[in-house]
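One structure is given below, encoded as structure tokens.
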Amino acid sequence: MGPTRVMLTSLLLFSGQFCQAIEPPDGLLGPELPPIVVPIKQRSLQQLQAGLRSIADEGRKVSATDDERERKAALLRLRSYRFLCSVPQAKLTLDASLDEDAVAVADICSRLGKLTHEPENPDLPEEEYQRARTAAGKCNLANGPNSLTKAIDIWMDDSDEHNVAQLGHRRWCLNPSMQKLGLGRVGDYCAMWALDSSGTPVADYDVISFPPPGFVPLDFFGEKYAWSITLNPAKYLAPELEDVEVQLFPLERGAADRANALEIENLAVDTQGFGVSNCLIFQPKEIKVAAGKSYSLEIRGLQTRDGQPATLTFPVHFVAAMVAVTNKSSP
């Protein structure tokens, strides 16, 4: 049986304002502006290799207990994903108190035999129970992996039927303002304290995309994974599902094969604040994630903050695995 995953949810409060919209008289709208095509930055293959190798090399310098070593390996795996997606990662650190919170959550889930963000008390002392109960609502949870590194991979996948419409675990992992986290495992129950926002996010990015633009190593992405494009709310309005058009074309000799666009399913827009709102989600059917396969993504129907129509387009090139993952095993 595969791993069970439970979505980390958050309650967001909004203050709404209401106004009346009045249409201008005919002829006063002016000409419709053509959409701007947003250039998306990409790394060279050499830059990608060097960055991932540098992060992996840090794992060879770890001298610690088994638990600390496991946490460090998982942290480096998460940092590698964030580097791949051009999200701040160099200062991401484990926090001892948050590690203890994550262990408390993994432990209470293990005692109850289930994943839950609202655990009942399995006869724990009240102080221990309250700590686990409070932390449970702030953690990504996973059941099945026997390592925290594998749990990171599960949260970055996040594409099962219960999570694919929101990809909340993935979006917490890629939250650009995260600077610290906690990790804990008890048996096959894993937890990641994920709701930190103490870092300073990069302000000038356009999208947080997974898979990212450019080169994508096979050890970071799979054929069944959903694709997520999170638009910077400082630059773009929240996408409207009925206006968005997503097309994915095979790239052949550097040109998009527009006659053979892949079918898109599970297209969704989620604006909840799982790290960053404005997330567009979809799954391409019959995609081949293999070394040498390349695709061109085009997303139309977007709007900049000033209301100008915008189109995003970038290639994705799948390449051979680059990082030997430690502590990674199937559940």
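The values are calculated or read from the model by the stated rules, or taken from the named source; none is laboratory data. Just so it is clear, the model here is predicted, and its values are computed rather than measured. Positions of Cβ are generated from backbone atoms using ideal geometry, with glycine treated the same way; all protein chains shown enter the neighbour counts. Just the protein is used for accessible areas: all its heavy atoms, side chains included, with ligands, DNA and RNA removed. Shrake-Rupley method; radii C 1.70, N 1.55, O 1.52, S 1.80 Å.
Taking the numbered list (1) of a type in the set (Ser, Thr, Tyr); (2) closer than 29 Å to Ile208 by Cα; (3) part of a helix (DSSP H, G or I) in turn, Ser110 passes all entries but (2).
State whether the residues of segment 252-261 include one that is at negative phi and in a loop (DSSP other than H, G, I, E, B). Within segment 252-261, one or more residues are at negative phi and in a loop (DSSP other than H, G, I, E, B). Name the residues in segment 277-318 that are among the β-branched types (Val, Ile, Thr), under 20 Å from the mean Cα position of the chain (by Cα) and open to solvent by less than 40 Å² (accessible area, probe 1.4 Å), would you? Residues satisfying the conditions are Ile281, Ile287, Val289, Ile299, Val316.
Where residues in segment 49-70 are in a loop (DSSP other than H, G, I, E, B) and open to solvent by 60 Å² or more (accessible area, probe 1.4 Å), which of them is modelled with the lowest pLDDT?
Only one residue tops the list, namely Ser63.
In segment 95-116, the qualifying residues are those that are open to solvent by 30 Å² or more (accessible area, probe 1.4 Å) and not aliphatic (A, V, I, L, M), and the one that is nearest to Ala194 (Cα to Cα) is Asp95.
The helices (runs of 4 or more DSSP H) found entirely in segment 121-232 that carry 2 or more residues being of a type in the set (Gly, Ala, Ser) are 126-136.
The set of residues in segment 214-251 being of a type in the set (Asp, Glu) and in contact (Cβ under 8 Å) with a residue 12 or more places away in the chain consists of Asp219, Glu223, Glu240, Asp243, Glu245. For segment 237-246, filtering for residues that are part of a strand (DSSP E or B) and crowded, with 17+ Cβ neighbours inside 10 Å leaves 1. Does Glu265 satisfy the criteria of being open to solvent by 20 Å² or more (accessible area, probe 1.4 Å), outside any loop (DSSP other than H, G, I, E, B) and modelled with pLDDT of 95 or more? Against the criterion (open to solvent by 20 Å² or more (accessible area, probe 1.4 Å), outside any loop (DSSP other than H, G, I, E, B) and modelled with pLDDT of 95 or more), Glu265 qualifies.
Among the residues in segment 123-137, are any open to solvent by less than 80 Å² (accessible area, probe 1.4 Å), in contact with a helix residue (DSSP H, G or I) (Cβ under 8 Å, 6 or more places away or on another chain) and basic (Lys, Arg)? Within segment 123-137 (the criterion being open to solvent by less than 80 Å² (accessible area, probe 1.4 Å), in contact with a helix residue (DSSP H, G or I) (Cβ under 8 Å, 6 or more places away or on another chain) and basic (Lys, Arg)), the answer is no, since none of the residues qualifies.
A single member of His169, His162 is touching a residue at least 12 places away in the same chain (Cβ under 8 Å) and either among the acidic types (Asp, Glu) or open to solvent by 40 Å² or more (accessible area, probe 1.4 Å) (or both), and it is His162. Of all the listed residues (Val202, Val186), the sole one being surrounded by fewer than 19 Cβ atoms within 10 Å (Cβ to Cβ), at pLDDT below 95 and hydrophobic (A, V, I, L, M, F, W, C) is Val202. Contact annotation: residue pairs with Cβ atoms under 8 Å, 6 or more positions apart or on different chains, pairing a residue in segment 21-48 that is at pLDDT 60 or above with a partner that is basic (Lys, Arg) and open to solvent by less than 100 Å² (accessible area, probe 1.4 Å), are Pro35/Arg300. Listed by first and then second residue, the pairs linking a residue in segment 125-136 that is modelled with pLDDT under 95 to a residue that is of a type in the set (Ser, Thr, Tyr) and in a helix (DSSP H, G or I), with Cβ atoms under 8 Å apart and 6 or more places separating them unless they lie on different chains, form an empty list. With (1) farther than 17 Å from Val164 by Cα; (2) in contact (Cβ under 8 Å) with a residue 60 or more places away in the chain; (3) of a type in the set (A, V, I, L, M, F, W, C); (4) in a loop (DSSP other than H, G, I, E, B) as the list, and Val276 as the residue in question, which single condition is left unmet? Of the numbered conditions (1) farther than 17 Å from Val164 by Cα; (2) in contact (Cβ under 8 Å) with a residue 60 or more places away in the chain; (3) of a type in the set (A, V, I, L, M, F, W, C); (4) in a loop (DSSP other than H, G, I, E, B), the odd one out for Val276 is (1).
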